[in-house]
Amino acid sequence: WAIKNKKYRLVKAKQNYLILGLMLMMLTSVISAFDKTLYWESMEHISKVFFFYFAVINLIDSKRNLKYFIWTILFIFGFLSLEVEIIYLLKGTTSLGGAGSTDNNVFALSLVMTIPFAFYSFFVEKAPAKK
């Protein structure tokens, strides 16, 4: 939608140019890759992260959008945590994981990465129910 309506723009900051440079360096490193199929498989996963990064920095252009983004992240991971808790109560520790992953460590890392968003929300929101 953003590209079609010409609303997409590259936020002109040094960090973004450095990230684009990193991505180009990674793309040109295919020349020295020993296993090209593993390389392209890894680049597919990494490219999703780059795409998400550039999409988010273009979507968040106001404090209101930042709050919506943070609340979305907190809601999603709160729901996933509740789902994992229910699985734990029903099946025990054999099949934990979350967010479509069967690896407990990946899910734990995701939860740890949401802690700064929770702290931000706690200190910024004024209503006790939102805190």
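What follows draws every value from the coordinates through simple rules; no lab data is involved. These numbers were taken from a predicted model, which means no experiment stands behind them. Don't worry about glycine lacking a Cβ; one is built from the backbone with ideal geometry, like all the others, and counts go over all protein chains shown.
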Quiz prompt | Positive-end residue, segment 12-131 charge dipole about Cα centroid, Cβ charges, pick of V56, G92, V106 | solution = V56
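Given the peptides 81-91, 30-40, arrange them by the average over their residues of other C-beta atoms within 10 Å, most packed first. Write out the running numbers ahead of the final one.
Details: 81-91: 12.2, 30-40: 9.9.
In decreasing order of mean packing, 81-91, 30-40 become 81-91, 30-40.
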Exercise. From zero up to wherever the largest Cα-Cα distance of segment 23-126 sits, split into 5 Å bins and tell me the percent of pairs in each.
Key: 2, 10, 14, 16, 15, 15, 13, 9, 5, 1, 0
Quiz prompt | Amide N of segment 37-71 lying under 19 Å from the label point, which is placed 7 angstrom from the Cα of L20 along Cα→Cβ | solution = 47-61
Quiz prompt | Spacing of the two label points (7 Å from each Cα toward its C-beta) at T37 and L89, in nm | solution = 4.5
